[in-house]
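Step one of this worksheet: look at the structure below.
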Amino acid sequence: MELLWLVPALPLLGFALLTLARRLVRGVAALIGVGSIGLSMLVTLWIAYSFLVSPPQSGAASDTVWSWIALGDFRVSVAFYLDSFSLVMILVITIVGFFIHLYSAGYMEGDDGFARFFAYMNLFTASMLILVLADNLLLLLVGWEGVGLCSYLLIGFWYRDPANARAAVKAFVVTRTGDAAMLVGFLLLFTSLGTLNIQDLLSKAVSQWPSGSGIAIAAAALILAGALGKSAQLPLQTWLPDAMAGPTPVSALIHAATMVTAGVYLVARTHAIFALAPPVQLAVGIIGVATLLIAGFSAITQRDIKRVLAYSTMSQIGYMFLALGVGAWGAALFHFVTHAFFKSLLFLAAGSVILAMHHEQDLLKMGGLWKRAPVAFWTFLVGALAMAAVPPLISGFSSKDWILSWVWSSPAGGPVLYVLALLGVLLTATYTARLVTLAFFGRERDVPEHVHPGGALIAVPLIVLAVPALFLGLIQTPRSLGGVNLFASFVQGVLPEPGAEGPPSTELLLMAVSTLVALAGLVLGWALGVSQARAHLARREAEPAGSPLHRFLLSGWGFDWLYDRAIVGPYRWLARINQSDVADWIARGFAALSRLLNRLLSLAQTGRLRWYATALGIGAVAIVAMVVFL
Amino acid sequence: MRQYPIDYGLVLSAVLFAIGMAGVFVRRNVIFVLLCIEIMLNAAGLAFVLGGARWGQADGQVMFIFILAMAAAEVSVGLALIMRMFHRFKSLDTNEIARMKG
Amino acid sequence: MSSEQILALLPILVTSAASVVVMLLVALKRSHGLVFGVTVGSLLVALAAIGSSVSVMPQAVSSLLIMDRFALLYIGLILAATLAVALLSYAYLESRAERREEYYILLLLAAAGSEVLAAAGSYVSFFLGLEILSISLYGLVAYRRQTPLGIEAGVKYLILAGASSGFILFGMALIYAEQGSLQFAALAAAKGSSFDVVSLVGFALIVVGVGFKLAVVPFHLWTPDVYQGAPAPVTAFVATVSKGAMFALLLRYFIQLDLYQYGAVVLVFGIIAALSILAGNILGLLQNNVKRMLAYSSIAHVGYLLVALLASGPLAVSSVTFYLIAYFITNLGAFGVVGYLSSGEREAEEIDDYRGLAWRRPWVAGALTASLLSLAGIPLTAGFIGKFFIIAAGAGSRLWALLIILVVGSVVSFFYYFRLVLAIFREPDAGAQVPYPSASLAGGIALSVLTLLLVWLGVYPAPLVNLLGGMTSGLL
């Protein structure tokens, strides 16, 4: 575990090199950018190996790199904490991250900001690793803000287009709303429990706070607000579809595989506090299922291939939140792992499609791409089947089934949530099938003459990532399908799962139901795709007006409209009519006072030697008087 | 011979010091300002000698010699600077050298 | 004098001998490169000599100089800062037609005087160190003797420093006449529960002189003028070494005489600190001249230092020293950049001279930005850690009023620091661009080392904090 610090340090070094050395040759920049993550991945694999071979005594190892400030009891260290939970996180981040970086070397070829792109990506990876490895809240916050910053920089990577810059600002502002609440939550934890160390905090909270106490509810709710912002969950979800303005590898890495799951990480990491606050935990589940459905419906209507995937990301993270809400910590983490692989695969394959289409992202203009871009097609198909949760080998099936059986059997879940989650399965299968049908099957609609789906740098990561998307489900299967329990037992120590599973017959029944629903969804989606493709061919360029319901869903349930009217508008109005309120008076008064004092004091700076000497004398008299008479 | 209490001497040196200080405050000619600083230094020297006499130590006199050396060094640097000043500004008035302010 | 005492004094001896050697060298042959090389070499030797002095410390050399851990640390700081100033001066002087070699004699002498101040254990060595420092500085401040501003700064500094020396000497004389000893230690032993009036007046007059050298309110009026008129590397020296040496003396004096128990003294220093923080920051607010702005900022920073000084207890000495080191590095960096960008007869001192620096000289802009962030106390810089320790020490001693003023002053200071940062990152003017001199190796090395130290102390302060932890015990 001594090498642990290298995991975030290597990407950070890559960032420093890429930033400091200006005008790098493209190959060198790519070598630094990709190589730093590659080395980090190798170190992570080595750490994972030694962790498995000789697990640390208490199930966790911590590595204090240095202590930043130490004053009596107050100590802030740069310390990393490794348990099976954070090990899974860093494995996913470095492995997925490495292949996305490799892919980027091909995808971003010819872009002016090549080195800048890799600098940001490396900084992002380093921040994300710091976030999941942090052993105290302050360091976690450093990582948290770091990923937020990089997300902002990368969404607005092509900043010359004002729309991209606006999307970046929107993402930053919306997530910041949650971050502000989270910061208050952290301060609440620090002031009431007196430590910044996360493990100490949790154990103190468990021993000092009674279950359901007000302070536990407040702390959990505030942390949840931060998690909702980062993970694009209701009501702070509106930024994610717009975030697709960034380059596609960015969407794959940040807005699908890693950063948006930081909220899941945070809630799972502090699950002890959530367990003390049942109302908040219930809210987590409800928010999860609501986001799952809202995003699912929206995804069905989108025309932009990346926006479909963005809404699907929201809805898949909704599954994770649902799992957290019913106390299935391990299932949430496992869904994070499978999702990271299949969703990054989907985004990267979509990127290859977008390249092939000469940066056209409209699904209705694609079609029949399966023989024009075979690698993209086959890998996309693997990812799509994984996402649609079609059994048996596909990874998404195992994780989703795990969540669903928990929702059914957990005391916090129940039939209502289960039915809603099942509806989610239907939606997922529908939009996935529609996406595949529109993009890859049918007649070619507006596909260019020459397609370039990318070279080996694009193809290799796709093929490699398809393997875990296909087979990862094998490490954790339902009892009726072998009952492999590798993953759950691995994270058991950190994310305990009280045994609450029903009898095998129920489980088998649930599995059959969800599989049938998924298959039904696939058929539905295929039918939708085919009919939309036909309608498009018939109408050609005429823009489909669509029903009001369609427009409503297309706009993501009108949340942007609602927020513009309900929050942004009134806020601006308030700001306008309130331009000189009391707070402003204070601020302006302070400024005016400073100016006045500045002018008065400047009068003393006459530049005249005699006055300077006299002031010396006056000061001397004053001090003598004070010392003698006091 | 009459013995005067040491306080008389200290009062004398304080008066000398005050004269020098006042001179620094009011004189505009920079050479006079330098002279007034010399008076302040010598007032301090007198107080040192008085102290040395009171305690029967050589320290006071030694300090006075140090002060003389320091004053000589200061005056030599000072006069050189004042020559540059006169050369440049054609004046010895300290009000002339007030370009930097604010 | 025993060989151990000579060994203990080695850093001071080397510095003094170096000034004589350089003087003879100049008489034999005028060569800027040679003189510069000898200066830098001897400063390095003097720094190395500290290593040998450590082995024999603590060592009282006669009753004048006390070579203890505290003194050696400050001597090391002074030598390192002088080295940085020398490195920054080379290109600056090279671009000027005037005689350049004497500069190094004066610099070495000023350093020697500062070292004596840092080790002073008696009023005699206090006086000698102070005057060696001051008289060398007269020459250095007025080194641009062809320009009206140089002469103006020189004359102002000469007269005011002379007058302040008068105050200090008269104060010393009064104390000596009453107490019969010039030793700090004897004074500490002799003092009863209170001093007589004459001694109190003596102390007050010494405070005036010390306050002048530290440039605290109400003795600060000279600061911006002298900083502006002096050559930029000399400004760096005045802002750091001269103040630091005086602060070392004040700290030793304060602790040895345990002045914390005198309410009036604490009150006087408290008022001085508060006024310095407020006046310094407010005066800097609308300043367009960077050297003057940094002058006002240095007034405020000495105010912060006094807050730490007033916070008694073991944390005080180490927090003062840490802040002082951060202050040294930061100000050397900031003034160093000013000197680095000044060419020929032109000082790069207007805020417009820095407009678009980030696009034209990104590395220099980085160094200056880091210094400004550190001055403002932004995290991950040495200045932040320093301020953190001061606030922690102040809170430990319940100096709430001073801490509030410190925070208010810091907030005000953001305005002018970030004003300059903003100018650095603005698009440069297409038309009339200020010419910058070509890059210099020595200056570049000094600036990079300073910037690295700045960030290093901000990120990993633990080793230095541990080193400073044992400082109070080391005080003789």
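Near residue A:452, the amide H atoms lying under 5 Å from its own belong to A:356, A:358; only residues 5 or more places off or on other chains count, and H is placed 1.01 Å from N. For residue A:506 and residue A:70, calculate 0.36 nm times their separation in residues minus their Cα-Cα distance, and state this gained length in nm to one decimal. Length gained between residue A:506 and residue A:70: 151.4 nm.
Note on B:42-55: average number of Cβ atoms from other chains within 10 Å of each residue's Cβ is 5. Taken along the Cα-to-beta-carbon direction at a fixed 7 Å, the label points for residue B:73 and residue B:11 span 3.6 nm.
Going by the alpha-carbon gyration tensor, a ≥ b ≥ c the square roots of its eigenvalues, is chain A rounded (a/c under 1.5) or, if a/c is not under 1.5, prolate (a/b greater than b/c) versus oblate? Before the final figure, lay out each step's value.
Values: a/c = 1.74, a/b = 1.46, b/c = 1.19.
Note, shape of chain A comes out prolate.
For chain A, the longest principal axis of the alpha carbon atoms and the long axis of helix A:329-356 meet at an angle near 80°.
The distance separating the Cα centre of segment A:34-70 from that of segment A:560-623 comes to 50 Å. Remark: the Cα gyration tensor places segment C:258-476 in the prolate category, a/c being 1.5 or greater and a/b exceeding b/c.
Summarising the amide proton neighbourhood of residue A:82: residues at separation of 5 or more, or on other chains, whose placed amide H is nearer than 5 Å comprise A:61, A:62, A:63. With R₀ fixed at 45 Å, the C-beta to C-beta distance from residue A:530 to residue A:165 puts the FRET efficiency at about 0.70.
Using 0.36 nm times the number of residues separating residue A:19 and residue A:561, minus their current alpha carbon distance, what extension gain do you get?
191.2 nm
In this calculation the C-beta distance from residue A:111 to residue C:34 is compared with R0 = 56 Å, giving a FRET efficiency of 0.60. With 24 Å as the limit, the listed pairs C:156/C:387; B:90/C:29; A:343/A:400; C:213/C:387; C:156/C:213 have C:156/C:387; B:90/C:29 beyond it between alpha carbons. Just how far, in whole angstrom, is segment C:265-334 from segment A:136-204 if you go by their alpha carbon centroids? Spelled out, the Cα-based centre of one part sits 34 Å from the other.
Extension gain for residue C:441-residue C:350 works out to 30.3 nm (0.36 nm per residue, less the C-alpha to C-alpha distance).
Average partner chain C-beta neighbours within 10 Å, per residue of B:74-83?
Working: counts 8, 2, 1, 10, 7, 0, 6, 12, 4, 0.
Averaged over the peptide's residues, the number is 5.
Tell me whether segment A:220-373 comes out rounded, prolate or oblate; compute the Cα gyration tensor, take square roots of the eigenvalues as a ≥ b ≥ c, and use a/c under 1.5 as the rounded threshold. Here segment A:220-373 falls in the prolate category.
Per DSSP H run of at least 4 residues, take -39500 (n - 2.57); add these up for chain C, divide by its residues and hand me the 222 nm value, nearest 500 deg cm²/dmol.
On the way: 21 runs with 361 residues, N = 476.
Dividing the helical sum by the residues of chain C leaves -25500 deg cm²/dmol.
Highest-first packing order for the peptide set C:84-93, A:601-610 is C:84-93, A:601-610, based on the mean count of other beta carbon atoms within 10 Å. Near residue A:304, the amide H atoms lying under 5 Å from its own belong to A:363; only residues 5 or more places off or on other chains count, and H is placed 1.01 Å from N.
Given R0 = 35 Å, the distance between the Cβ atoms of residue C:6 and residue C:258 translates into a calculated FRET efficiency of 0.65.
Rounded to the nearest whole Hz, the Karplus-based 3J(HN,Hα) values (6.51 cos²θ - 1.76 cosθ + 1.60, θ = phi - 60°) of segment A:514-527 follow the sequence 5, 5, 4, 4, 4, 5, 4, x, 4, 4, 4, x, 4, 4, with x at glycine and proline.
Extending 7 Å from the Cα toward the beta-carbon at both residue A:207 and residue A:595 defines two label points whose distance is 5.8 nm.
Quick note: the coordinates plus some simple rules give every number you see, no bench work behind them. No experiment lies behind these values; they were computed from the predicted model shown. Methodologically, a virtual Cβ is constructed for each residue, glycine included, from the backbone with ideal geometry; neighbour enumeration extends over all protein chains shown.
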